[in-house]
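Heads up: the structure comes next, in structure tokens.
The values are calculated or read from the model by the stated rules, or taken from the named source; none is laboratory data. Please read these numbers as outputs of a predicted model, since none were measured by experiment. Ideal geometry is used to build each Cβ from the backbone, glycine not excepted, and the neighbour counts take in all protein chains shown. Ligands, DNA and RNA are stripped out before the accessible areas are found, and what is left, the full protein with its side chains, is counted by its heavy atoms. Shrake-Rupley method; radii C 1.70, N 1.55, O 1.52, S 1.80 Å.
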Amino acid sequence: MIKVNIDGALGFLNESELSSIDTKKPLEDLKALYENGWINLPSQFDAAYSDEIKDIAKKISDESEVLVVLGIGGSYLGARAAIEYIISPHYNALSKKTPDIYFAGNNASGAYLQQIIELIGTRDFSVNVVSKSGSTIETAIALRFFKALLTQRYGAQGLKDRLYITTDKGSPLHLMAEREGHRYLLMPAEVGGRYSVLTVVGLLPCAVAGIDIDAMMKGAKEEFETGEENACLYAAVRQMLYRSGKKIEMLACFEPAFRYLGEWWKQLFGESEGKEHKGIYPAYADYSADLHSLGQYVQEGERTLMETFVSFAKPRVNPVIPGGAIHFDKISKLEGMGLNEINASASKAVKKAHIGGGVPVTELLVPELSAASFGALAYFFMRSCAVSALISGVNPFGQPGVEAYKKNLFAILGLD
Ligand code: PA5
């Protein structure tokens with residue numbers, strides 16, 4: 001489903017070296033490492049699991065106009081990415097039957113928290129706290145505010161009924177859920193945070209937003225069954241380019257709906273590969289907007305960049321440029337042309353310019369913006385990321401470097 005076009009990178013690669021990169025061993029290592037983990041998630045997803053998630057989502061939708069999702073990193077980026085990609089970056093502003101969804105617990109800003117509370121206003125709300133460890137400080141603190149708000153608004157029974165917990169078995173949140181009687185959903189123990197979008201972590205907020213989670217998982221399954229070669233090609237190309245001095249990968253897309261998937265991708269690749277003083281630095285650019293901010297650097301700055309473009313074969317809509325009015329520019333010639341043709345032309349123009357400026361460009365071709373292609377992309381990226389990390393000799397799982405700041409914060413706050 002996800003196709004990889006490397007013609008824009010070939011001029012920067014030695015093809016015989018590319019074919020000499022061994023992706024079989026990393027793939028085997030991966031399967032051995034995660035025999036029952038996220039690798040098999042798409043084939044394990046079944047009607048019972050789907051129905052359980054949909055039942056909870058229905059209860060939330062029936063009872064609330066707002067769902068607040070508390071979580072950080074892999075505990076919120078995937079859900080936010082899916083909602084923006086599949087529905088709209090303006091999801092909350094749309095007229096719809098499903099609840100607004102706000103994300104909090106991903107920072108410790110009082111202003112941000114207060115604004116979310118103001119946005120909820122007098123509307124009925126529920127909370128889904130998502131934390132694998134159950135002890136991430138930003139999320140745990142936000143939870144305290146929202147528990148107080150739920151209690152104040154709905155009393156002890158309302159707090160019990162309206163707080164939904166997604167966590168690992170045995171975590172402090174799991175213990176709290178059992179003690180206080182909240183509805184909880186356990187994450188598969190062997191699936192790490194940034195690999196958890198296709199579990200209840202991502203699927204519950206998506207189902208609340210009205211996304212067809214079965215279609216999403218079908219897309220992931222198809223990718224799981226057919227996409228191994230393409231994922232390995234992407235992994236091998238980026239590792240080859242890295243070896244030739246391209247230390248930064250700029251993922252770029254001409255569809256603003258992709259932006260949060262770019263944020264999710266940054267976490268996935270950054271935390272999986274950035275270890276042992278190695279790793280490609282993952283950056284994301286929102287084109288055309290960032291062509292007018294980062295574009296100058298990409299074209300003429302230090303030559304340590306590689307780019308990966310994501311494009312869609314079929315646009316969601318294709319409005320045509322209106323005519324009639326008088327404009328004093330040449331652009332009037334484009335009257336009647338669809339915006340998709342303009343966007344595709346911009347992508348072609350940028351690709352040519354950047355390759356000419358010394359930036360290799362790899363393209364990922366996606367059929368359309370849909371629930372199925374979201375599932376496919378998520379699976380494609382998780383597989384290629386893990387293979388890429390293993391090619392470079394680091395363990396894609398775990399994030400020991402993130403612990404350093406957490407330890408310091410606990411010490412500064414006198415919690416250790
Ligand atoms: O990939 C990971 O496991 C991490 O980045 C987590 O997603 C992030 O730190 C949040 O952790 P938790 O879900 O335990 O609150």
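Structure data summary
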read-out: Pair list, Cβ under 9 Å, 6 or more apart: region 312-337 residue free of Cβ contacts under 8 Å to residues at least 24 places away in the same chain, other residue open to solvent by 100 Å² or more (accessible area, probe 1.4 Å) and of a type in the set (Val, Ile, Thr); value: Ile321/Ile331; Ser332/Ile326
read-out: Residue in region 378-385 that is open to solvent by 20 Å² or more (accessible area, probe 1.4 Å) and aliphatic (A, V, I, L, M) present; value: no
read-out: Which listed residue, of Pro400, Pro396, is within 14 Å of the ligand (Cβ to nearest atom) and crowded, with 20+ Cβ neighbours inside 10 Å; value: Pro396
read-out: Within region 46-157, helices (runs of 4 or more DSSP H) holding 2 or more residues that are without any contact (Cβ under 8 Å) to a residue 40 or more places away in the chain and under 19 Å from Leu185 (Cα atoms); value: 47-63
read-out: Condition broken by Leu415, with the remaining ones in (1) under 14 Å from the mean Cα position of the chain (by Cα); (2) more than 14 Å from the ligand (Cβ to nearest atom) satisfied; value: (1)
read-out: Yes/no for Glu63 being open to solvent by 40 Å² or more (accessible area, probe 1.4 Å) and either of a type in the set (A, V, I, L, M, F, W, C) or under 19 Å from Val197 (Cβ atoms) (or both); value: no
read-out: Out of Gly105, Gly134, Gly121, Gly73, sole residue that is open to solvent by 10 Å² or more (accessible area, probe 1.4 Å), within 16 Å of the ligand (Cβ to nearest atom) and closer than 24 Å to Tyr154 by Cβ; value: Gly134
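Listed here are the residues, each with its yes/no results for (1) more than 28 Å from Ala289 (Cβ to Cβ); (2) not aliphatic (A, V, I, L, M).
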| residue | (1), (2) |
| --- | --- |
| His174 | yes, yes |
| Ala177 | yes, no |
| Tyr195 | yes, yes |
| Val201 | yes, no |
| Ala207 | yes, no |
| Ala235 | yes, no |
| Tyr242 | no, yes |
| Pro256 | no, yes |
